[in-house]
Amino acid sequence: MASRSGNKSNKRNARKPRRRIEGEGLGLLTLENTDPIQMGFWAPNRVWATAKFLIPLREHIERKKKAGVLPPLTPVMADFKSWVTSNSVYRMWVNLMIEQANAFIASQDEKVRKEIKDDGDVIWLPGYDSFFEVLNEIITTSPSFNTTAQVGTPMNGLLAVAMATDAGLALFHDTTFNLQFRNVLNAWNTFLKGSASLDKLDIEAPEKPGSWISEAAWKAGVWNQMVHDASQPGYGFDSWNSFFIREFVPGARPFQGNPKVDVNIGCETTPWDYSNHLQFEKRFWVKDYDYSLLDLFGGNRQWADLFVGGQLYQGFLSATHYHRWRAPLDGRIVRSWVQPGTYFAQRPGQGEEQGTWEGTESEPYLGHVAARAIFIFDHKKCGYVALICIGMVEVSTCVITPSQYIVGEGAKPVAVKRGTGIGHFEFGGSTHIMVFQKDRVRLADWAVHAKKHQNDPNPTPLGTVIATALR
């Protein structure tokens with residue numbers, strides 16, 4: 001495969017990025033002012049950016065219904081609906097979630113209600129049956145490219161309001177419900193790994209709706225320095241998932257600094273947060289009490305103990321970013337595993353308010369509860385370093401590969417060179433955390449001041465030095 005040439009892949013939107021956490025007044029995100037800048041952020045604005053995606057999807061389903069061509073629910077979705085319907089508590093929660101989401105939308109001011117009204121009524125989810133119909137439509141097609149924050153995460157568009165309701169919080173923190181919902185996500189996973197999922201990488205119709213090879217996608221940077229072959233069907237990919245985890249062209253992301261004393265970032269992410277003087281255990285679910293080592297490491301006390309008093313960096317990435325992980329240092333992997341977790345949970349008490357971005361306040365919280373891959377590295381000068389790759393929304397699969405880098409408890413450590421591929425996300429947006437021991441490293445200024453860089457239009461390049469040994 002070869003990289004496409006020309007200036008098209010290097011174009012950047014030169015406009016000043018809007019604030020990610022929207023406030024009142026002129027900066028408020030609306031249906032009219034969403035643009036490619038927003039697609040750099042995985043999480044959609046609950047009302048505006050998601051409405052721009054969800055309302056056309058609902059209308060598409062209604063047209064199919066009226067024409068009598070809406071297909072029946074897939075077997076997996078039919079089973080899921082049957083399970084919910086036959087379990088009264090879960091049927092109650094789903095119905096309450098729909099009612100509470102609609103009530104929130106109805107509480108918005110007149111201008112907002114006019115933007116998102118449906119046949120004269122302000123409705124987010126038309127009803128119980130519609131909830132499963134929309135889910136069914138989503139899992140039988142590939143995610144679309146668009147120029148809103150909703151890019152690549154259609155299921156989150158459906159759930160963005162609902163998951164923040166009291167009933168939604170109850171559902172998506174419930175283990176039994178998540179086990180059933182996982183069957184739905186697994187079915188979508190299977191579809192996205194098949195050739196039928198390449199419909200939006202169609203070289204015969206590059207400007208079709210939702211195309212990932214359109215002029216707009218190129219302008220937004222989807223293909224900047226990415227491996228592909230524009231002359232081949234699917235740009236040379238055999239499924240939407242293989243496109244999603246596409247590689248950089250050789251040499252695009254050299255690892256910088258001195259491997260004897262430096263640690264690099266293991267994921268290409270936009271800075272989000274920094275924390276110092278880490279504590280073993282904290283109330284991570286409460287605002288401003290961000291990180292609890294015991295919970296980040298899935299209750300594994302011996303690994304949490306290593307980082308008490310240390311430092312932490314967190315970054316996030318959207319569905320358009322690079323989704324592979326690479327070893328951040330020369331050293332050893334002493335332990336690694338995939339920690340099971342939630343799919344669409346957010347921090348309790350976060351609540352809803354006009355202009356809130358779904359997930360932004362929950363970024364630290366999700367590091368403790370969402371599905372994640374956890375690596376513990378040992379470096380001669382920098383001590384122990386942890387890399388935690390966290391799945392967020394959609395299928396949110398975390399894959400450690402090749403399997404030699406899965407290091408069990410008590411197993412012999414595995415040597416690794418910085419820049420070596422150690423795994424990847426599949427589908428959806430993601431975040432990652434790096435944790436460092438107390439008094440072992442000095443973090444780069446951009447990491448320490450991560451919050452000042454939350455609006456950076458581009459992520460920090462993979463291979464950038466994040467920490468340097470103090471001794």
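Every read-out reported here was derived from the displayed coordinates using simple, explicitly stated rules and does not represent laboratory data. A quick note: this is a predicted structure, and the numbers were derived from the prediction, not measured. Backbone-built Cβ (ideal geometry, glycine too); neighbour counts: all protein chains shown.
For residue 441, the amide hydrogen comes within under 5 Å of the amide hydrogens of 470, counting only partners 5 or more places away or on other chains and with H modelled in the peptide plane.
If you bin every alpha carbon distance in the stretch 169-221 into 10 Å steps from zero, what whole percent lands in each bin? Percent of pairs per bin, in order: 22, 28, 23, 23, 4.
Sorting 167-176, 291-300, 323-332 by average packing, meaning the other beta carbons within 10 Å per residue, from highest down gives 323-332, 291-300, 167-176.
Would you mind putting 188-197, 235-244 in packing order, based on average other-beta-carbon counts within 10 Å, highest first?
Working: 188-197: 17.4, 235-244: 20.6.
Result, highest mean Cβ count within 10 Å first: 235-244, 188-197.
Between residue 70 and residue 95, what FRET efficiency comes out of the Förster formula 1/(1 + (r/R0)^6) with R0 = 22 Å and r the beta carbon distance, rounded to 0.05? Each step should come with its number before you reach the end.
Values: r = 22 Å, r/R0 = 0.99.
Using R0 = 22 Å, I get an efficiency of 0.50.
For the pairs 81/282; 208/452; 282/417; 219/452, flag any whose C-alpha to C-alpha distance is greater than 29 Å. Walk me through the numbers on the way to the answer.
Values: 81/282 38 Å; 208/452 38 Å; 282/417 34 Å; 219/452 26 Å.
Distance filter (> 29 Å) returns 81/282; 208/452; 282/417.
For the stretch 183-192, putting each phi into the Karplus relation 6.51 cos²θ - 1.76 cosθ + 1.60 with θ = phi - 60° gives couplings of 4, 5, 5, 5, 5, 5, 3, 4, 4, 6 Hz, in residue order, rounded to whole numbers and with x for Gly and Pro. Is the C-alpha gyration tensor of the stretch 143-277 telling us rounded, prolate or oblate? Criteria: a/c under 1.5 is rounded; beyond that, a/b larger than b/c is prolate, otherwise oblate. Oblate is the answer for the stretch 143-277, as a/c is 1.5 or above yet b/c matches or exceeds a/b. Rounded, prolate or oblate for the stretch 262-469? Axes are the square roots of the Cα gyration tensor eigenvalues, ordered a ≥ b ≥ c, and the cut-off for rounded is a/c under 1.5. Rounded shape, in that the Cα axes give a/c under 1.5.
Classify the stretch 376-471 as rounded, prolate or oblate, taking a ≥ b ≥ c as the square roots of the eigenvalues of its Cα gyration tensor: rounded when a/c is under 1.5, otherwise prolate if a/b is larger than b/c and oblate if not. Cα axes put the stretch 376-471 in the oblate bin.
Per-residue packing, averaged as other Cβ atoms within 10 Å, sorts the ranges 402-410, 219-227, 254-262 into the order 219-227, 254-262, 402-410, beginning with the highest.
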